[in-house]
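> Below is the structure I would like to discuss, written out as structure tokens.
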Amino acid sequence: MSNYPNMSYCMFENTYSAMMQVTSALREAEDRGELAEFYADLSKQERVALKHLRFACEDYQEMMEALDKALETE
């Protein structure tokens, strides 16, 4: 897993913290009514990463559903 930003023993903890930072920033911008401005202020790289993150979250959701099904059969 050397190509990944987290060590395998703490990847969920670290990713959870990062996702809380992301969702908090988005929620704060939304609460201020400035979500579009927040997006506009992101660099091109960050906008691309935001889009990729959305797709990764969709994949993650699918995997969680598969995990739930796998655990139901045990």
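The values are calculated or read from the model by the stated rules, or taken from the named source; none is laboratory data. What you are looking at is a predicted structure, and each value in this text was computed from that prediction instead of being measured. FYI the Cβ positions are ideal-geometry reconstructions off the backbone, even for glycines, and counts take in every protein chain you see. Note: accessible area is taken over every heavy atom of the protein model, side chains too, but ligands, DNA and RNA are not part of it. Shrake-Rupley method; radii C 1.70, N 1.55, O 1.52, S 1.80 Å.
> If the requirement is being touching a Phe, Trp or Tyr at 6+ places or on another chain (Cβ under 9 Å) and open to solvent by 60 Å² or more (accessible area, probe 1.4 Å), which of these qualifies: R54, R32?
On inspection, the qualifying residue turns out to be R32.
> Before we move on, is C10 open to solvent by less than 100 Å² (accessible area, probe 1.4 Å), among the hydrophobic types (A, V, I, L, M, F, W, C) and modelled with pLDDT under 95? Walk me through it before giving the result.
Numbers: open to solvent by less than 100 Å² (accessible area, probe 1.4 Å): yes; among the hydrophobic types (A, V, I, L, M, F, W, C): yes; modelled with pLDDT under 95: yes.
Criteria met by C10.
> Now for a different question. Under 8 Å between Cβ atoms, which residue pairs at least 6 apart in sequence (or on different chains) link something in the stretch 32-50 that is more than 15 Å from V22 (Cα to Cα) with a partner that is open to solvent by 60 Å² or more (accessible area, probe 1.4 Å)?
none
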